[in-house]
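To start, the structure under review is shown below, and the notes come after it.
The values are calculated or read from the model by the stated rules, or taken from the named source; none is laboratory data. This is a predicted model, so every value here is computed, not measured. Positions of Cβ are backbone-derived with ideal geometry, glycine not excepted, and every protein chain shown enters the neighbour counts.
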Amino acid sequence: MTAFRKILIQISSSTVLGILPLLVGIQVALVAILLILNNENVEPRAVYDLIYERTLSLPENRANVVDFWLPILLCCCGLLLTFTAGLWNIGIEGQITMGAVGATSIALFVELPRNEQIFTELFMAGAAGGAWALFTGVMRTRGGVNEIFGGVAMNFLASSFSSYLLVAPWSPPNATGSATVRFPENAILPSMDDYRLSPITMYITLTAFIFVLLTLSGSRWGLQLRAMGKNEKSAQMLGVPTERNIWLAMLICGIMAGLAGGHLVLFRRANLPANVSGGIGFLSLLVVLLASIRVRWVPFVSFAFALLYSAGLPLRTRLQLDASLIGIFLGILVFCVLIFDGVRQRLKERVEQRKLLAASGGEKSPPPPTVEIQIGQEASSGPGSN
Amino acid sequence: MRKRYSLALIVVLLIALVMGAGFANQSKATAQDEFVFGMILVGPHDDNGWSEAHYNGGLYVEEHVEGAKMIWIDKVNPADSPELTMDLVVEDLVSQGAKLIIATSDDFKADFTAVAPNYPDIVFIHVSGDGVWTGEASENMGNLFGQMQYGKAIAGCAAALKTETGKIAYLGPLINNETRLFANAVYLGAKYCYEHYRGMDPATLQFTVNWIGFWFNIPGVTLDPTEVANAFFNDGNDVVLSGIDTTEATVVAGQRSAEGERVFSVGYDYIDTCAEAPSVCLGVPYYNWGPAYVTTVNAVKDGTWTQSFDWLEPDWSDINNPDTSIVGFAKGTALTEEEAAILDEYTAALGAGAKGEEGGVVLFQGPLNYQDGSTYLEDGEVATPEKVWYMPQLLEGMIGESSAESE
């Protein structure tokens, strides 16, 4: 073994090699963003100053960021379950939309005492989102339709259905428009006194997060989901009820997405607009991927995204940046981090191979054994390994 | 190792996102003599249409009112900015010192009306809304609009003068009182000129309306205006008039003309719309918001503003005067000199009618029926402003939907 190889192996065991590609990824993203800002004749420092000033400096601004954050985190909680089970729930956008439609169906046409009204609206939001996701799961297990294709189709169907409702049955009186009429006050989620935040959505999101955390870190069902995520067929042979688990994971994810959709219409908008999901589902998919499906890190990554998302408005009104640029910045950041994370994984594999070679005195050794799954250990790979 | 890596990932991401935060400046106080007004645009500020006309109106204010400064946000619609709500937008504009906020789409009506009472010291102007009339508007909110039905009638006249197939079409946005009014005005203008200047039987004029579903194209949500315009021409219409905020009708007409077809278009909203395809453009009824905005800004600045519903007529002495007329008609180069002269004559007649002068043309005068045959105006009856604003149907003789399918 050469001295260089030894040094390389030593470095590889440190965090440096783990972080370096990430830093390079972020740097590449920042350079790309700087180039765009330069092209727009905007001072990068002005952008950073503004992001801080309009998102974190004042309590009401922080409240706005949290309001952006909650539905994203709620969707992420659901996606953690499906990703862990090896399911790409691309259909989450449709589940958000159907949740919003479900809540709207009560808000517009049912009048109950306040508490019952809110409960019924949220129940319908969760039920509609859950049913939409469950259908994708059933198509997967009984119809042989991959959940990615099923999800895309269900997204399209939900979007078209929502558009139809706005054009015809739910359009404002004697008119058509991009949204329904505003919901009556009785139908809107209550807000905190000092800040525009919904305590109900906060409780729901917190409950969802704790549920997912406990499920994936210490429950038998969480263990089964991870086993399915590693290899669905093997898990099935070992007695894991894979079909039931797919349905259950999709159902719970759909309920959470539906509740997020309910929040959007019952609190943030107070009506059902066209394009109600607005890409929150896809954003949540990216968040969970960036967090490597680790429950504990999802709140932080999703908060960072919500922060950038909510910074879009002041960047537009004060620096006249185009509406699409914020999405482009987020996309560049995610793209670069994922690319360089891939590089990091490749480097790690190569170094481990060299380690094994060194240990066996240069002879070819068999590939490392598959990862054993133990309760208490979080999932560590992406879905689709089955 | 993996946990350490993930922790590092989060920390680095967060640091990257808020780096430079320590250098954050406090918000700059507005200058003593500065008057900040906010403008909320539904489409792009450079759309060659509705939103650009408003944006230019704001620039006109900056030019004509000392210390006036516009802050604006465009693309406030569910497709471009699904994350935005009116609360957030207004809060942001007020935090920058706006004392007057102008919302420039009927699509903002419900949300703008709901937000206004939360800021009693700020004046809210809703362009194209009717909240003051209906009593929904709080005291700090007013309405402003131009009587575009006259511009639309002139547009309809231009189409009627040019058509050879006797088939003209209207590319409509969504369906509401405003859009029905304008479609009806186009039809009446076309019908009048087809009969009086062309000497044709107005019953043989085919006038078709198709609504795309919003003020501009939203893929997957609205009909594609390019496809609708092409379908119109495929069906034998030789003039398509635009009622939407963007320029697809003119662009498509230009493309088809380049392929040798005899087709024309009439634009909407923005004075320079014809620049998209001058050879096919018969003209454009446009808004000139600047003077009206100057009046409003001065009133708010002086503290003399009071709530009102301002539905302003064109300056009939010269509808294209940039300093006095809120509605104008820019004639296109596709009109012959003779046709242009007829348009001037018709415009003068409309002005005389609006002023109640002898021999003038009154646009909305009976007998007129709705599409379902019910009476809109009795013989000789002249519509009140309310009857003009609130028309629940298209008029008899027009082809197209009057309202949403459910009704």
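Every residue, every condition in (1) acidic (Asp, Glu); (2) within 11 Å of chain A (Cβ to nearest Cβ); (3) free of Cβ contacts under 8 Å to residues at least 12 places away in the same chain, yes or no:
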{"position": "B:37", "(1), (2), (3)": "no, no, no"}
{"position": "B:40", "(1), (2), (3)": "no, yes, no"}
{"position": "B:52", "(1), (2), (3)": "yes, no, no"}
{"position": "B:57", "(1), (2), (3)": "no, no, no"}
{"position": "B:60", "(1), (2), (3)": "no, no, no"}
{"position": "B:79", "(1), (2), (3)": "no, yes, no"}
{"position": "B:83", "(1), (2), (3)": "yes, yes, yes"}
{"position": "B:86", "(1), (2), (3)": "no, yes, no"}
{"position": "B:91", "(1), (2), (3)": "yes, yes, yes"}
In the set A:81, A:108, the lone residue that is in contact with a Cys (Cβ under 7 Å, 6 or more places away or on another chain), farther than 19 Å from residue A:279 by Cβ and assigned to a helix (DSSP H, G or I) is A:81
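Yes/no matrix, rows are residues, columns are (1) surrounded by fewer than 18 Cβ atoms within 10 Å (Cβ to Cβ); (2) under 17 Å from residue B:186 (Cβ atoms); (3) in contact with a Ser or Thr (Cβ under 9 Å, 6 or more places away or on another chain):
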residue	(1), (2), (3)
B:320	yes, no, no
B:329	no, yes, yes
B:348	yes, no, no
B:360	yes, no, no
B:380	yes, no, no
B:403	no, no, yes
Filtering the stretch A:274-290 down to residues that are at pLDDT below 90 and not in a helix (DSSP H, G or I) yields A:274, A:275, A:278, A:279
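Is it the case that residue A:87 is surrounded by 24 or more Cβ atoms within 10 Å (Cβ to Cβ), outside any loop (DSSP other than H, G, I, E, B) and in contact (Cβ under 8 Å) with a residue 24 or more places away in the chain?
Details: surrounded by 24 or more Cβ atoms within 10 Å (Cβ to Cβ): yes; outside any loop (DSSP other than H, G, I, E, B): no; in contact (Cβ under 8 Å) with a residue 24 or more places away in the chain: yes.
No; evaluated as a whole, the condition is false for this residue.
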Of A:145, A:152, the only residue that is in a helix (DSSP H, G or I) and more than 8 Å from chain B (Cβ to nearest Cβ) is A:152
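If you go through the stretch B:39-46 one residue at a time, do you hit one that is modelled with pLDDT under 90 and closer than 30 Å to residue B:322 by Cα? First the steps, then the outcome.
Taking the stretch B:39-46 as the starting set, the residues that turn out to be modelled with pLDDT under 90 are none.
No, the stretch B:39-46 contains no residue that is modelled with pLDDT under 90 and closer than 30 Å to residue B:322 by Cα.
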Residue pairs within 8 Å by beta carbon, gap of at least six or interchain, first lying in the stretch B:112-139 and part of a helix (DSSP H, G or I), second at pLDDT 95 or above and hydroxyl-bearing (Ser, Thr, Tyr), listed first then second, are B:113/B:138; B:116/B:138; B:117/B:138; B:132/B:308
The correct count of residues that are closer than 23 Å to residue B:82 by Cβ, within 13 Å of chain A (Cβ to nearest Cβ) and among the hydroxyl-bearing types (Ser, Thr, Tyr) in the stretch B:93-141 is 4
For the stretch A:24-50, pairs from a residue that is touching a residue at least 40 places away in the same chain (Cβ under 8 Å) to a residue that is of a type in the set (Lys, Arg), with Cβ under 8 Å and 6 or more apart or across chains, are A:50/A:318
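State yes or no: is residue A:189 at pLDDT 95 or above, part of a loop (DSSP other than H, G, I, E, B) and either within 18 Å of the chain's Cα centre (by Cα) or surrounded by fewer than 24 Cβ atoms within 10 Å (Cβ to Cβ) (or both)? Break it down stepwise before answering.
On the way: at pLDDT 95 or above: yes; part of a loop (DSSP other than H, G, I, E, B): yes; either within 18 Å of the chain's Cα centre (by Cα) or surrounded by fewer than 24 Cβ atoms within 10 Å (Cβ to Cβ) (or both): yes.
It is true that residue A:189 is at pLDDT 95 or above, part of a loop (DSSP other than H, G, I, E, B) and either within 18 Å of the chain's Cα centre (by Cα) or surrounded by fewer than 24 Cβ atoms within 10 Å (Cβ to Cβ) (or both).
Taking the conditions exactly as written (buried (at least 23 other Cβ atoms within 10 Å of the Cβ) and over 23 Å from residue B:164 (Cα atoms)), does residue B:304 satisfy them or not? Spell out the reasoning first.
On the way: buried (at least 23 other Cβ atoms within 10 Å of the Cβ): no; over 23 Å from residue B:164 (Cα atoms): yes.
Judged against the criteria, residue B:304 is not a match.
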**Prompt:** Within the stretch A:73-84, is even one residue buried (at least 24 other Cβ atoms within 10 Å of the Cβ) and among the aromatic types (Phe, Trp, Tyr)?
**Reply:** yes
Report task. Please work out if residue A:171 is surrounded by 23 or more Cβ atoms within 10 Å (Cβ to Cβ), closer than 25 Å to residue B:223 by Cα and within 8 Å of chain B (Cβ to nearest Cβ). Result -> yes
Within the stretch B:62-77, of all residues that are more than 12 Å from every other protein chain (Cβ to nearest Cβ) and part of a loop (DSSP other than H, G, I, E, B), the one surrounded by the fewest Cβ atoms within 10 Å (Cβ to Cβ) is B:66
Restricting the stretch B:202-260 to residues that are of a type in the set (Asp, Glu) and in a helix (DSSP H, G or I), the one surrounded by the most Cβ atoms within 10 Å (Cβ to Cβ) turns out to be B:248
Across the stretch B:203-222, the tally of residues that are within 11 Å of chain A (Cβ to nearest Cβ) and of a type in the set (Gly, Ala, Ser) stands at 2
Considering only strands (runs of 3 or more DSSP E) wholly within the stretch B:262-368, the ones with at least 1 residues that are polar (S, T, N, Q) are B:264-266
Among A:338, A:347, the single one that is away from chain B (no Cβ under 11 Å), under 19 Å from the mean Cα position of the chain (by Cα), surrounded by fewer than 19 Cβ atoms within 10 Å (Cβ to Cβ) and hydrophobic (A, V, I, L, M, F, W, C) is A:338
When residue A:205 is run through (1) out of contact with any Cys (no Cβ under 8 Å at 6 or more places or on another chain); (2) more than 14 Å from chain B (Cβ to nearest Cβ); (3) not small (Gly, Ala, Ser), the failure sits at (1)
Scanning the stretch A:291-303 for residues that are at the interface with chain B (Cβ under 9 Å from one of its Cβ atoms) and either crowded, with 24+ Cβ neighbours inside 10 Å or modelled with pLDDT of 95 or more (or both) gives A:301
Taking the stretch B:165-185 and keeping only residues that are within 14 Å of chain A (Cβ to nearest Cβ), assigned to a loop (DSSP other than H, G, I, E, B) and farther than 18 Å from residue A:179 by Cα, one is left with none
Scanning the stretch B:369-399 for residues that are in a loop (DSSP other than H, G, I, E, B), within 14 Å of chain A (Cβ to nearest Cβ) and either within 27 Å of residue B:312 (Cβ to Cβ) or at pLDDT 95 or above (or both) gives B:390, B:391, B:392, B:393, B:394
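Identify, please: which residue in the stretch A:310-323 is among the polar types (S, T, N, Q) and under 17 Å from residue B:40 (Cα atoms) and is, among those, nearest to the other protein chains (Cβ to nearest Cβ)? Can you show your working first?
Step one: filter the stretch A:310-323 for residues among the polar types (S, T, N, Q), giving A:310, A:317, A:320.
Still in the running and under 17 Å from residue B:40 (Cα atoms): A:317, A:320.
Values: A:317: 5, A:320: 8 Å.
Within the stretch A:310-323, the match that is nearest to the other protein chains (Cβ to nearest Cβ) is A:317.
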